[in-house]
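Before any comments, here is the structure.
Throughout, read-outs are computed from the coordinates displayed, never taken from laboratory work. Source: prediction; values computed, not measured. No Cβ is skipped: glycine too gets one built from the backbone with ideal geometry, and neighbour counts run over all protein chains shown.
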Amino acid sequence: MQQSRLDLFVDRMVSQRACLDHAAGAIADMDGPVFELGLGNGRTYHHMRHIMPDRDIYVFERAIASHPDSTPPDDMVLLGDVFDTLPQALERFGRAAVLIHADLGGHNREKNDIFARKVSPVIEPLLAVGGLMVSSDKMYFDALVEQPLPEGAVPGRCFIYRRAN
Ligand SMILES: C[S@@+](CC[C@H](N)C(=O)[O-])C[C@H]1O[C@@H](n2cnc3c(N)ncnc32)[C@H](O)[C@@H]1O
């Protein structure tokens, strides 16, 4: 039987948590900022703050509408469309992000895939060597290599990529 929307939602949530927990551990010894692309309600941002309390986490979002407990300070927000703010971040930080989490999609899988193809080359240059990129959508990178998923993540609901060099 096909999965219900609730099944798909639950799979996405448990996969985000499993991948973020795994990625936070893997980059623990690296210096550099973390980027959250798509704040939404702020659930994943809140979790990232929880598991990486000492890390600078910059949030990219076009309109802040998060839960008050999950709203980043103004100086940690890059407000606007990611196609504008990601190139600005590259000028500001260079290839420095040790973890980039992207959850920018909506409910339409085809539109999400088109968006992922467009945004992948804009994200790719920001990731540091050894850094990880976690996404709810399949991405289209040249130099970043897809990684095996950690236990608890559901294949197809979350993706992890790494820059080896
Ligand atoms: C699915 S929600 C993120 C949910 C979040 N991970 C959470 O746990 O609450 C996607 C967010 O991405 C933002 N977004 C989508 N496309 C964007 C774009 N081109 N530039 C900036 N933000 C964008 C939307 O405004 C929305 O808040």
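Among the residues of region 112-154, which ones are more than 12 Å from residue 165 (Cα to Cα), of a type in the set (Val, Ile, Thr) and without any contact (Cβ under 8 Å) to a residue 24 or more places away in the chain?
Once the filter is applied, which keeps residues that are more than 12 Å from residue 165 (Cα to Cα), of a type in the set (Val, Ile, Thr) and without any contact (Cβ under 8 Å) to a residue 24 or more places away in the chain, region 112-154 yields only 114.
Tell me which residues, restricted to region 7-35, are more than 20 Å from residue 149 (Cβ to Cβ) and charged (D, E, K, R).
If the condition is that a residue be more than 20 Å from residue 149 (Cβ to Cβ) and charged (D, E, K, R), then 29, 31 are the ones that fit.
Out of 60, 141, report the one residue that is touching a Ser or Thr at 6+ places or on another chain (Cβ under 7 Å) and away from the ligand (no atom under 12 Å from the Cβ).
141
Among the listed residues 100, 114, identify the single one that is among the aliphatic types (A, V, I, L, M) and assigned to a strand (DSSP E or B).
Every option except 100 fails the conditions.
Scan region 28-55 and report the pairs whose first residue is of a type in the set (D, E, K, R) and whose second residue is more than 10 Å from the ligand (Cβ to nearest atom) and assigned to a helix (DSSP H, G or I), with Cβ atoms within less than 7 Å and a gap of 6+ or a chain change.
none
Hey, residue 21 hits all of (1) more than 20 Å from residue 138 (Cα to Cα); (2) of a type in the set (Asp, Glu); (3) in contact (Cβ under 8 Å) with a residue 24 or more places away in the chain but one; which does it fall short on?
That leaves (1) as the condition not met.
Using the structure shown, decide if residue 121 is out of contact with any Cys (no Cβ under 9 Å at 6 or more places or on another chain), surrounded by 15 or more Cβ atoms within 10 Å (Cβ to Cβ) and within 25 Å of residue 31 (Cα to Cα).
Taking the combined requirement at face value, the residue does not satisfy it.
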